[in-house]
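Data block below; observations after.
The values are calculated or read from the model by the stated rules, or taken from the named source; none is laboratory data. All values reported here derive from a predicted model rather than from experimental measurement. Counting neighbours? That spans all protein chains shown, and the Cβs are built from the backbone with ideal geometry, glycine included. Just the protein is used for accessible areas: all its heavy atoms, side chains included, with ligands, DNA and RNA removed. Shrake-Rupley method; radii C 1.70, N 1.55, O 1.52, S 1.80 Å.
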Amino acid sequence: MNELGLVLEILIAVLISSAISRFIPKVSTPLVQIALGIIWYCIPGLPKFTIDSELFMVLFIAPLLFLEARNVPRREVASNLGLSLSLAVGLVLLSLLVSGVTLHVLWPAVPLAAALALGATLGPTDAVAVSALGKEANITNRQLNILKGESLFNDAASIVAFQWATTVALGATFYPLRFVGSIGTSFVIGIGIGACIGVLSNRLVFLLRRVHLENTTMRIGIEILIPFAAYLCGELAHVSGVLAVVTAGLVITFHRYGVGSDIARTNLVSNSVWQFIEFSLNGAVFVLLGIELPQALRSSWINPNVDTRMLLLAIAVLTVVTLLLRFIWMAVMLRTAKDLTTGKRRKMTPKRWRSAAVMTFGGPKGTISLALAFTLPYAIDLSTHIPLREALLFIVAGYIVVSLLLANIMLPLLAPADDDDQGLAYAHVQVEMLRRTLAKIAELDTPQNHAELQVILHSYTDRIERVRQAVPKERMIRENAVRADVLQWEREWLTEYVHAHPEDAPAAQPLLERIELSLSHLDAASFSRTKARITHRPHVHPLARNLLIRCRALWHASSAKSEQTHRIQRRLFEEAIAYLRTLVVGDIDNAETIARLIGEYRGALATLMPPAKGLGLATLPSIQGIDELRMRAFRLELETIRDMLGDDELTRAQAKMLRQNVYLMQADAAL
């Protein structure tokens, strides 16, 4: 019961920290959680704890690393993989040696192996803190992607090095050649085990999806089991379970593919569950740190062999040494890295020196470092006359707090976000909010309210286009990709239809030929011509015109199979509309494009219908129906703003401006 009470109280503290952080946004949430942990320690009667290092590694580090690998932007990180790996492996190992030797020389009472273990804990950068830096400072996308790649890969390198240093600190003999061979074997086999588990998980989920057995409970259960299974298999094989977890997170793809409203809802629930797990585990680690800090300080304070001033001096010296080493590494990396556009190396200019400084302070430490410090075994104290574990934990905690403070203070000074950047950030979040709202509005579509809903959807697409004028380089190629995907789906549907109804093959052949002609406009050679046609007629996409041309050509055909072709095409368009309505739920980024495509297909379908059998699309929308749907859309918009604020996807100031905009539109609609 004591353990259960401890878990519940930690979760309560995490939830309280989330509420408090809303009112003090300038104060980092981890600092609030540490403060709550200290308050906890000072309240008599609350349970204290002792941590099993192996259990802590499994329960905290494995799921956090898996989540980090699962959500990493693969394409962006892959484009800067070499630079990220130089930081994640080269800089981590060098920092381990330099910081370990520095601490051992500064405080000889700390054995070298234990000092190296501490140096390994200072290697991982915090992924959550790195992602939040873009909101506080003007950091380029390439800098952020390099730092994200570093935060992913340096976790594995640091943890493997930490495990070896801890083993040596507990009395094992160190053989350099055996160490190198074991590290290589551990990396290769650990990665292989993780890849196998990732591939098997993909096949299992895709199999369940094909036989319509995938549901939310089963999908989330499989995802949560993957990191623990990968870690356990790695440890049973006496290799790196951490590398197995990271590799499994990188290999799984079932959460990135699949269409349909059921899959989209499952993905949304899965992401929400993982967000809760991430926030809870991160928060629990910092709350535990707040509880542990007074204990560590007290143990050091009452021990005559430990000087508190030495602990503070070690924190200061290690901070200066590691930051200086990181700055030198960053400067060398920027000088030797090739420009993505020209492919040439560039000289160091004041702007590039400032970039090196930004990336130096842009690597704050966080949860993984704390988790590693907590896994220091209590047996490490047996080789010294000081409470070594508590002393090292205090040094790590102080270093983390200093790194977070420096990142929050120095980055806005080195790369301040100017007014234009704030305006662009507001435009981006507004576009994202409108896209999500549009996807929710599209789900309200019924045959009875379709005409009125099209008016509302058109108003939202117009708002998105107006906001987009403030967002630079909105790519037209994404819209073409969506349209090409629908055309390819049409081709696959027709192919399956002909296979099931071979007697209709002659009537379906003209449709297939027209689709092939439409797809030919999307190859690389004709993209520039497509762009030119879009420029001359901005309101009519070439594929939309081609859709109407297909209808008219087939409608006026004089062959005997014309009516049969019309019947197949009507069914094709009806199925395409159903497909798009499921697609709009799962593809939030392209919601406005998909909604516009639905309207185009309905318009094309209307041209294939005789006047007496029309779908009612020519019926004028009612004013009352439009007003009712508009008010529902405003409520959905406010709901989307609230959800994005709750997920920290926009700031309180941005949410306030967006809500005020909705209130003004509601007032105008009422008038």
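A few comments on the model shown:
- Looking at segment 207-311, the trypsin sites (Lys or Arg not before Pro) that sit in a DSSP loop and have at most 12 other Cβ atoms within 10 Å of their own Cβ are Arg256.
- In this structure, Ala109 and Met657 have a Cβ-Cβ separation that, at R0 = 56 Å, corresponds to a calculated FRET efficiency of about 0.50.
- Computed in the context of the full set of protein chains, the accessible area of segment 217-322 at 1.4 Å probe radius has 68% of its extent on carbon or sulfur.
- Annotation: extensible slack from Leu207 through Glu628 equals 147.3 nm (criterion: 0.36 nm per residue apart, minus Cα-Cα distance).
- Label-to-label distance, nm, for residues given as Glu492 and Ala35 (7 Å Cα→Cβ offset): 5.3
- Extension reserve of the Arg570-Glu443 stretch, reckoned as 0.36 nm per residue once the Cα distance is removed: 43.5 nm
- Per-q log10 I(q)/I(0), segment 223-301, q = 0.13, 0.27 Å⁻¹ (Debye; single scatterer per alpha-carbon; no solvent): -0.64, -1.15
- When the convex hull of its Cα atoms is projected in every direction, mean area for segment 364-416 (nm²): 4.0
- Just so you know, the Cα atoms of segment 218-374 work out to an Rg and Dmax of 22.3, 67 Å.
- Computed P(r) (all Cα pairs; segment 54-110; 5 Å bins; percent): 4, 15, 12, 14, 18, 18, 11, 6, 3, 0
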